[in-house]
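The values are calculated or read from the model by the stated rules, or taken from the named source; none is laboratory data. Worth saying up front: this structure is predicted, and the values here are computed from it rather than measured. For neighbour counting, all protein chains shown are included, and Cβ atoms are generated from backbone atoms with ideal geometry for every residue, glycine included.
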């Protein structure tokens with residue numbers, strides 16, 4: 001992946017999930033070499049800490065406060081770190097964090113290219 005992929009509008013896909021976060025480390029999203037960015041949103045009253053370290057401890061890592069806006073971790077700003085696995089922990093139980101991921105979707109790009117080629121050739125899709 002490189003910034004040129006973004007410039008040429010390479011096909012992407014996005015996903016969203018809510019992850020429960022307590023006092024033990026939890027995986028937010030696994031490593032993905034095709035990841036463009038992650039957005040993390042904390043709607044709970046308690047602070048949540050995120051890191052690429054699977055052994056993260058409370059009060060260590062990037063803090064996600066409920067009073068701040070979403071945290072964006074983007075490839076064009078932070079580079080390779082966006083492709084790492086990300087983990088979270090909190091100082092108390094019963095929290096959750098919204099995780100949005102955007103990834104390059106080479107399969108979708110291949111389908112779109114096939115569709116365009118068939119249209120140019122005057123063939124119909126079944």
Evaluate the following for residue 22: is it at pLDDT 90 or above, surrounded by 14 or more Cβ atoms within 10 Å (Cβ to Cβ) and in contact with a helix residue (DSSP H, G or I) (Cβ under 8 Å, 6 or more places away or on another chain)?
no
Failed item in (1) in a loop (DSSP other than H, G, I, E, B); (2) closer than 16 Å to residue 100 by Cβ; (3) touching a residue at least 60 places away in the same chain (Cβ under 8 Å), with residue 69 passing the rest:
(3)
Residue 37 versus (1) in contact with a helix residue (DSSP H, G or I) (Cβ under 7 Å, 6 or more places away or on another chain); (2) surrounded by fewer than 18 Cβ atoms within 10 Å (Cβ to Cβ); (3) modelled with pLDDT of 90 or more; (4) within 19 Å of residue 14 (Cβ to Cβ): which is the lone unmet condition?
(2)
Out of everything in segment 25-66 that is touching a residue at least 60 places away in the same chain (Cβ under 8 Å) and assigned to a loop (DSSP other than H, G, I, E, B), what residue ends up being nearest to residue 94 (Cα to Cα)?
25
Within segment 12-19, is even one residue modelled with pLDDT under 90, touching a helix residue (DSSP H, G or I) at 6+ places or on another chain (Cβ under 6 Å) and closer than 21 Å to residue 80 by Cα?
no
Subset of segment 71-86 [surrounded by fewer than 21 Cβ atoms within 10 Å (Cβ to Cβ) and within 22 Å of residue 24 (Cα to Cα)]:
71, 84, 85
